[in-house]
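What follows is one structure encoded as structure tokens, with my remarks underneath.
The values are calculated or read from the model by the stated rules, or taken from the named source; none is laboratory data. Please read these numbers as outputs of a predicted model, since none were measured by experiment. Neighbour counts are summed over all protein chains in view; Cβ atoms, including those assigned to glycine, are modelled from backbone coordinates with ideal geometry. Only protein heavy atoms, including side chains, enter the accessible area calculation; ligands, DNA and RNA are left aside. Shrake-Rupley method; radii C 1.70, N 1.55, O 1.52, S 1.80 Å.
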Amino acid sequence: MGERIAVIGAGVIGLSIAHELAAAGRRDVTVIADLAPLETTSAVAGAVWFPYAAERSAEVDAMLALSLRRFVAIAERPEAGVDLRDGIVVERAAAPDRSWTALLPAAPAAAADLPAGTTGMRTRAPLATMSQYLPWLQAECEALGVRFEHRRVDDPDALAGAFDVAVVAAGARGGALLGDDATVVPIRGQVVRVENPGVTTFVIDDEDPAGLTYVLPRRDCLVLGGTHEAGATSLEPDPAIEAGILARCAALVPAVAGMPILSRAVGLRPGRARLRIEEVPGRALRVIAAYGHGGSGMTLSWGTAARVAAMLAAP
């Protein structure tokens with residue numbers, strides 16, 4: 001347990017990995033990042049536990065289940081900022097994918113709660129208020145002895161000598177940082193945060209023909225979204241896109257129409273055909289890649305952390 005471990009990235013994946021390692025008895029864990037947790041894409045995320053834009057496989061399904069169990073347990077700690085919320089998942093396909101219902105409670109939603117001509121399922125899932133959850137998770141890491149360094153790393157090999165292991169949890173930047181993976185595609189996501197008029201149920205309509213649409217009630221706001229723009233990299237909110245988000249969300253949940261805007265944000269999801277959680281050979285120190293989560297970073301965070309911890313525990 002004496003290895004010196006650097007975790008590159010302070011989003012939800014990096015923080016979860018650092019926590020998992022420290023909780024397992026690793027006494028020399030350092031998170032290195034040029035962005036603080038609340039400056040990362042994780043802070044923009046809708047942060048409801050739901051598989052979105054990520055690999056589907058038996059291995060990933062096991063990670064989903066593990067993460068879900070952890071978030072259900074975390075929700076028992078009010079200070080963490082995670083709540084179990086009732087929600088509706090709108091369906092527009094003739095044969096909708098309901099594989100997620102193997103993990104979450106689910107029942108058909110009432111027609112009155114759905115857009116005309118659609119079906120849907122009602123469920124209950126963890127939803128994190130990221131403005132509270134990320135600082136809480138960082139504080140939990142620090143309480144376990146994890147250190148934090150605010151600086152940019154452009155090559156994990158540069159950490160050799162000071163560290164024995166580097167875990168690359170740098171999101172959309174992961175492939176470029178390692179220099180051996182050009183398959184990562186940034187997926188731009190834009191959201192608007194508005195005052196909550198009393199909405200308590202989340203609604204997700206991934207298949208709205210006008211664009212990705214969701215209404216997510218956090219403790220401090222309603223998060224309205226969104227976009228799925230593969231290859232787009234601008235971090236500036238687009239007023240025209242925002243107008244479309246507001247219109248779609250108001251059509252989906254009329255109570256949100258005209259609510260005061262509190263803030264707006266853009267993040268770049270790390271899109272990849274498959275998760276990359278593996279050893280990276282030929283480096284100056286032991287390197288593990290942990291990125292490519294698409295829109296399921298929060299959803300897969302604890303499962304990812306457990307896989308990385310198991311890899312480092314192996315001889």
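Annotations
- Each residue, L38 and A106, gets one label point 7 Å from its Cα in the Cβ direction; the gap between the two is 3.6 nm.
- Between the amide H of S263 and those of R193, distances stay under 5 Å, these residues lying 5 or more places away or on another chain, with hydrogens modeled in the peptide plane.
- With K and R counted +1 and D and E -1, the other residues having a Cβ less than 14 Å from that of T227 yield a net charge of -3.
- Between G171, M259, W136, the Cα set farthest toward the positive side of the dipole of the chain (charges on each charged residue's Cβ, about the Cα centre) is that of W136.
- R152-A250 FRET efficiency (beta carbon distance; Förster radius 45 Å; 0.05 resolution): 0.65
- Extension gain for the segment A65 to S263, taken as residue separation times 0.36 nm less the Cα-Cα distance, is 68.0 nm to one decimal.
- Protein-only accessible surface order, largest first, of W49, W136 at 1.4 Å: W136, W49
- Surface accessible to a 1.4 Å probe, per residue, for the residues of segment 169-301, Å²: 39
- Segments 21-29, 298-306, 162-170, 219-227 sorted - mean Cβ within 10 Å per residue, highest first: 298-306, 162-170, 219-227, 21-29
- Accessible-area composition of segment 254-296, carbon plus sulfur, in percent [1.4 Å probe]: 54
- In the chain, the calculated helix contribution to ellipticity at 222 nm averages -8000 deg cm²/dmol per residue, counting -39,500 (n - 2.57) for every DSSP H run with n ≥ 4.
- Residue among A23, V60, V48 farthest towards the positive dipole end of segment 1-60, charges placed on Cβ: A23
- Accessible area of segment 1-92 belonging to carbon and sulfur atoms, whole % at 1.4 Å probe: 55
- Full extension of the segment from A243 to A58, taken as 0.36 nm per residue of separation minus the current Cα-Cα distance, would add 62.7 nm.
- Accessible area (Å², 1.4 Å probe, nearest 10) - S99: 50
- Fully extended contour minus Cα-Cα distance, from L235 to A313, at 0.36 nm per residue: 24.3 nm
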